[in-house]
Structure formats: C-alpha cells, structure tokens
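A.B. asks: Structure provided below as structure tokens; questions to follow.
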Amino acid sequence: MDTLLLVLGIAAALLVLNVYRPRQSLGISAVSFFLGWLVAELAFFGLLIGALVIGWALGAGPDAVRAQVGVGLLAASWTALLVYTIQAMRGAHVFERAVTEAFGESFAKHMAKRREAGLDEAPSWQRMLRPFSPHRATVEAIRGIEYKVADGVSLQLDIYRHGDAPEGCPVLINIHGGGWTQNWGDRTQQALPLMNHLAEHGWVCVTIAYRLSPTFTFPDHLHDCKSALVWVRQHIAQYGGDPDFVVVTGGSAGGHLALMMALTQNDPEYQKDHPGADTSVQGCVPVYACYDFLDREGHQPNAGMERHLRTVMKLDRSEHEEAYRLASPVHRVHEDAPPMLVVQGELDTLIPVASARHFVSELRAVSREPVAYAELPLTQHAFEIFASPHTEHHIHGVEQFLHFLYRNRAGLGAATARTESTS
C-alpha cells in the first residue's frame, strides 16, 4: 500500500501540474492537451475522487515515509485543483469585460437592466454535475436534414429550436471542429451546451456537416459551409428562424471556417455553386480557432500543425504560400468584417494564445465593427464541449453578446422580445 500511495500521489501531482503548465513540445502536446482538458473540465469529479482517496489513505494510517510523501502529494494536488476550480467558477467577468470593451457603455447599461429584471442567469450546478447531458427539456432537435450532395456525399444538418415552435427567431450556425479531417469530430458532438442554451432562450441553432480531409481538400470545406448558409437563408423560416439575421460560430477547425465565412462574405471564389447568393453573416464567434496557416509570427511551437495542414491543403507550405495565405483568417481581415467575439483559452496547447491575440490586434486595426476578445485564464482547447464552469461562462457570455447584437441590428421585434423574456 505504501508504494501505491506514492504512485498515486506522483500521478495526481503530474496531472494537476499539467493543468497549470501544459506541454507544447513536439510529440507530447496532444497527450498534454487531452489529459489537461479532462482533469480541468471534470475538476468537480477529480476533487471528489481525490477526497475519497485521501480519506482512505489517512484512515489506513500511513507510516512509511514513501506513503506519507504520497499522501502529501495527493493533498497538495487536491488543493491546487480546488484553487483552479474556484478561479474557473469566477470567470463570468471575462466575457462581460470583453463585450463591454467592444460595445462600450451601451452594453454596460444593457447588462444592468438585465440584472434589475432578474434575466442574468448564474452558472448551473445541476448541469455541471451532469456534464454529458446537454439536452434541455424545452428544446426540440430536428436531425438529419440533407442540405447538399457533393461528390456523392450527403451533407446533413441538425436544427435545435424551442419546443413551442417559435417564429422569426435569430439564427446561429455552428461548424464543428476536428482538424478538418475525418474521425475527429462531427456535428452531433460539439457546441451542444451552447446550442441547447440558445434554443431554450429563443434562438434557432443549426449545426452542419461538411466534406472532410484527407479525402477532400480545402476549400471544399468552406464551399460546403457557404452552401449550408444558402440553405438556411432559403429554408430556415419553415423552422422558425429569421433568414435576415444569421451568425456563425465554431470551435478549432470549425472556428477557422466560421472566420473564413465571416471574412469572405459574398466572395464568388467560394460560392461557385451559388452565384449571386447572399452569404453575409451578421456576426461571428470563433472559439479557439486556427488563425494563420502560414504561421509567419512563429506562434506554433512545433511542426505538427504544418504537417497536419498538408493533409488539408494537399500543398507544401513553402512552395504555395499564397494558397496558405488565402486560407488564413489573419491575412483576410478587412474593414467590412462583421462584429465578432473571439474566444480563446490562455493555456491552449493546440492553438497558442499568441495567435489569437495577434488576430484580434490585426482585425481591430481595420474593422469598422466591434471586436470583442475573451481570453479565459488557465484554460485549454475544447473547454466547452461538455458542461463545466468554463462552459457555463461561455454559453452565458456568448448569449449576452449575441442578444445585444441582435437587439442593435434587428430592433425590438417579437422574436427579440421573446429572447429577452426567456434570457
């Protein structure tokens, strides 16, 4: 038992240390991300398990030095994880500060009125204790709607809306991540907490599939996203959505595609199947996106991303810089970009935070619309996949941003009043 306690103590210390100091070295960054992500976002359960193990160890009365060292490491790790969890629970101010900086005093007054009316929700402990159950009782999911057939592939989308079948609601399109490639993600797995939350509060949410590498090559992915947007504009009113107010979001590779949709609005190069169609969006929320395929600022710590992008682009970066530049959101910024809320984790090992900061700086320098930037302290990639303190702050922060944006852009119509009364 003495050796077991020492091993458990060392393992707990290394796992919690990785939460605070994840590794970005070649070959271990993916492992560091995965372990840090699970420990951080399931911290409540880690604290419970840790408390049970410590209680068992103390009850056994460890006498050997190695056992005492193990118990000490377990206690220190548990305390560090508790501190992390407390800090994560206090993260609501990150989003509110970010959006206030972008919109100014008008947003601060808007939030004050929401609080006076009791419309500003607190994080839900119940959801965080059931992290893999994102569904809300009031939300209806309509799945498997085909929006396009490309190269023999049936591309489908799912719709989430309030069960009361509302009409004239603002629309959110979600693009899933997964490295633009097969087997790493699909539309049924990601952004479920956000879409269920928004649908419950008067939005119609659409999550889409698209062709994936290595079978397909960029910009096939973007062409499909544009096709989905065209389908939404033509058909979403049948499901209660307002085709004149559509915002786009996505995480990781999906965040990159969301940015490319926002930065190439109505560009005929990326909508050859839909010439003349309106592919503008009224807002964009990229979450831990890939901002620069060229990595000219040297933000990526190793060559892993460059190798991966070759499977997506089917081109060597050193020989085809222009193609990589055109696929990079940071090199596509312009003054007519729609309003954005960029969300990034400070300790993201897959998309370094420096690349997000650089993108925001470049966009703010030219955009005529507000650019909000929410950087979550001590936070990894994929932090909002399932319910956690970070997820709760994310879904409420994004809802606040989008609700305020919709009020400003669409006016206080019936659907806006509905979102306000239920938010």
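The values are calculated or read from the model by the stated rules, or taken from the named source; none is laboratory data. If you're wondering where the values come from, they're calculated on a predicted model, not measured in any experiment. Using ideal geometry, Cβ is built from the backbone for each residue, glycine included, and neighbour counts are taken over all protein chains shown.
A.B. asks: Just need a number here: residues in the stretch 48-107 that are more than 19 Å from ALA122 (Cα to Cα) and not assigned by TED's automatic domain parsing to the domain that holds LEU8.
C.D. replies: Total satisfying the criteria: 6.
A.B. asks: Further question on the same structure: Look at the stretch 125-149 and say how many of its residues are in contact (Cβ under 8 Å) with a residue 24 or more places away in the chain and buried (at least 17 other Cβ atoms within 10 Å of the Cβ).
C.D. replies: Selection size over the stretch 125-149: 8.
A.B. asks: A further question follows. Looking at (1) at pLDDT below 95; (2) within 30 Å of TYR288 (Cβ to Cβ); (3) of a type in the set (Gly, Ala, Ser); (4) surrounded by 13 or more Cβ atoms within 10 Å (Cβ to Cβ), which one does SER77 not meet, given that it meets all the others?
C.D. replies: Condition not satisfied by SER77: (1).
A.B. asks: Also, I was wondering about something else. In the stretch 46-90, what count of residues is obtained for those that are in contact (Cβ under 8 Å) with a residue 24 or more places away in the chain and aromatic (Phe, Trp, Tyr)?
C.D. replies: So the answer is 2.
A.B. asks: Can you find, within the stretch 298-309, the residue that is nearest to ALA354 (Cα to Cα) among those that are outside any loop (DSSP other than H, G, I, E, B) and in contact (Cβ under 8 Å) with a residue 60 or more places away in the chain?
C.D. replies: Per the criteria, the residue is GLY304.
A.B. asks: Determine which member of the set ASP278, ASP242, ASP224, ASP273 is among the charged types (D, E, K, R) and part of a helix (DSSP H, G or I). Give the steps one after another, and end with the answer.
C.D. replies: On the way: ASP278 fails: part of a helix (DSSP H, G or I); ASP242 fails: part of a helix (DSSP H, G or I); ASP273 fails: part of a helix (DSSP H, G or I).
Sole residue among the options that is among the charged types (D, E, K, R) and part of a helix (DSSP H, G or I): ASP224.
A.B. asks: Condition first: within 18 Å of LEU198 (Cα to Cα) and of a type outside the set (Gly, Ala, Ser). Now tell me which residues in the stretch 222-276 satisfy that.
C.D. replies: Hits for the stretch 222-276 are VAL232, ILE236, TYR239, ASP242, PRO243, ASP244, PHE245, VAL246, VAL247, VAL248, THR249.
A.B. asks: Also, I was wondering about something else. Out of everything in the stretch 84-117 that is closer than 22 Å to MET340 by Cα and among the polar types (S, T, N, Q), what residue ends up being modelled with the highest pLDDT?
C.D. replies: THR100
A.B. asks: Looking only at the stretch 262-294, count how many residues are in contact (Cβ under 8 Å) with a residue 40 or more places away in the chain and within 23 Å of the chain's Cα centre (by Cα).
C.D. replies: 18
A.B. asks: Please go through (1) in contact with a Lys or Arg (Cβ under 8 Å, 6 or more places away or on another chain); (2) at pLDDT below 95; (3) surrounded by 23 or more Cβ atoms within 10 Å (Cβ to Cβ) for MET260 and return the number of the only condition it doesn't satisfy.
C.D. replies: Among (1) in contact with a Lys or Arg (Cβ under 8 Å, 6 or more places away or on another chain); (2) at pLDDT below 95; (3) surrounded by 23 or more Cβ atoms within 10 Å (Cβ to Cβ), MET260 violates only (2).
A.B. asks: For the structure I just gave you, tell me whether ARG364 is within 23 Å of HIS110 (Cβ to Cβ) and without any contact (Cβ under 8 Å) to a residue 24 or more places away in the chain.
C.D. replies: It is true that ARG364 is within 23 Å of HIS110 (Cβ to Cβ) and without any contact (Cβ under 8 Å) to a residue 24 or more places away in the chain.
A.B. asks: Tell me, yes or no, whether the stretch 150-171 has at least one residue that is assigned by TED's automatic domain parsing to the domain that holds ARG233, over 30 Å from ARG409 (Cβ atoms) and free of Cβ contacts under 8 Å to residues at least 24 places away in the same chain.
C.D. replies: Checked against the condition, which is being assigned by TED's automatic domain parsing to the domain that holds ARG233, over 30 Å from ARG409 (Cβ atoms) and free of Cβ contacts under 8 Å to residues at least 24 places away in the same chain, the stretch 150-171 yields at least one hit.
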